[in-house]
Amino acid sequence: MTLYVADRIAHDVFGLLFETSPDAAIIVEVSSGRIVSANVRANDMLSLSTDALIGAVFKDFVEDPDRDVTRSGRYEDVVLRGGDGYPVYVTMQVAHVETIEHGALAAYMVRDTSERRLLECEVMAKHSALFTAHAELERAHSQLTETKAELEHRNHEIAMLAWRAAMGELVAGIAHHLNNPVGALASTVRRMNGVTAKLPPESRVDLERLLVRVEQIARRIESNVAAIVSASRANAMDHQGAAPALPPELASVLTTFADRLDDIPTKESV
């Protein structure tokens, strides 16, 4: 069919549609499937002249040979092969028209969506990259949270060890200073025993009883101080297994004090 006949079909059947439509318009003879007319926008879209389009089989331009685009309706994501070899992504609206002079014709109104598809692919790629980055960020945040919790736990342990060490040194120092007056008291009691022994029996009965009581108290104080010093040396309770046995009253006080150490706020938690 000549270009003159093609132009007649375009103007006689489709009128101003060819000239005013923003889309590419391609007219196909239903019986043969050949293109009988096309507007300028179709030439630009497929990078082919009108002479190259007229007479060509429209199906040959469809990239997927198994896809049927001959029936009336709307077709999304159709890929056409242009004259330059590059694919053109389009949306097509197909309408069939019966004419007395030209027979059954199919009008393809084709809109180029290549740019939109490219943008969609770019958005998808960016979305995928963003999703991956977000997952990596969540993983790093989780690791940082775990590391922070571990560091806080270790800092607390170190602070408690420092507190216990400092308090141990303090208690040992106090106990050491208590040894001097306790020793002096014991020495005084021994001297008083010697002096009392020289007194008449009737004069020393009550005094000896009192001295025995004072001597018992002095020995008890000496024993307690020695136990405190032994318990505070070299962190015996934390690093050398079982701690030395303390008198019950001292063990109770030490346990209460150690428990309350855990409630003292450290610098990191203030």
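Test of understanding: ordering Ile217, Ile27, Ile100 by Cβ neighbours within 10 Å, fewest first, what list do you get? Kindly include the intermediate steps, with their values, before the conclusion.
Numbers: Ile217 13, Ile27 26, Ile100 5.
By the 10 Å Cβ count, ascending, the order reads Ile100, Ile217, Ile27.
For Glu76, what is the net charge nearby, where nearby means another residue's Cβ is under 12 Å from its Cβ and Lys, Arg count +1, Asp, Glu -1? List each step's numbers first, then the result.
Details: positive: Arg67, Arg74, Arg111, Arg116, Arg117; negative: Asp77.
Summing Lys and Arg as +1 and Asp and Glu as -1 gives +4.
Please identify which residues in segment 153-192 have an amide N closer than 11 Å to a label point set 7 Å out from the Cα of Glu215, following the Cα→Cβ vector.
189-192
Say R0 is 51 Å: what FRET efficiency, to the nearest 0.05, do Glu136 and Ser230 get from their beta-carbon distance?
Details: r = 56 Å, r/R0 = 1.10.
So, using R0 = 51 Å, E works out to roughly 0.35.
With a sphere of radius 13 Å drawn around the Cβ of Tyr89, what net charge do the other residues whose Cβ falls strictly inside it have (Lys, Arg +1; Asp, Glu -1)? Let's see the in-between values first.
Values: positive: Arg81, Arg111, Arg116, Arg117; negative: Glu63, Asp64, Glu76, Asp77, Asp112, Glu115, Glu120.
Local charge sum for Tyr89: -3.
Among Glu202, Glu120, rank each residue by its count of other Cβ atoms within 10 Å, from fewest to most, as a rough exposure measure.
Values: Glu202 7, Glu120 12.
Ordered from fewest to most neighbouring Cβ atoms within 10 Å, Glu202, Glu120 come out as Glu202, Glu120.
Label points 7 Å out from Cα along the Cβ direction at Thr70 and Arg191: separation in nm?
In this crude label model, Thr70 to Arg191 measures out at 13.3 nm.
How much net charge surrounds Ala104 when only the other residues with a Cβ under 10 Å from the Cβ of Ala104 are counted, with Lys and Arg +1 and Asp and Glu -1?
Values: positive: none; negative: Glu29, Glu98.
Cβ neighbours under 10 Å give a net charge of -2.
Can you tell me the length gained on complete extension of the stretch Asp60 to Asp77, counting 0.36 nm per residue apart and subtracting the Cα distance? Provide the component values of the computation, followed by the final result.
On the way: separation 17, 0.36 × 17 = 6.12 nm, distance 1.67 nm.
Gain on extension, Asp60 to Asp77, equals 4.5 nm.
Since every read-out is calculated from the coordinates, none of them should be taken as a lab result. Bear in mind the structure is a predicted one, so any value in this text is a computation, not a measurement. Neighbour counts are summed over all protein chains in view; Cβ atoms, including those assigned to glycine, are modelled from backbone coordinates with ideal geometry.
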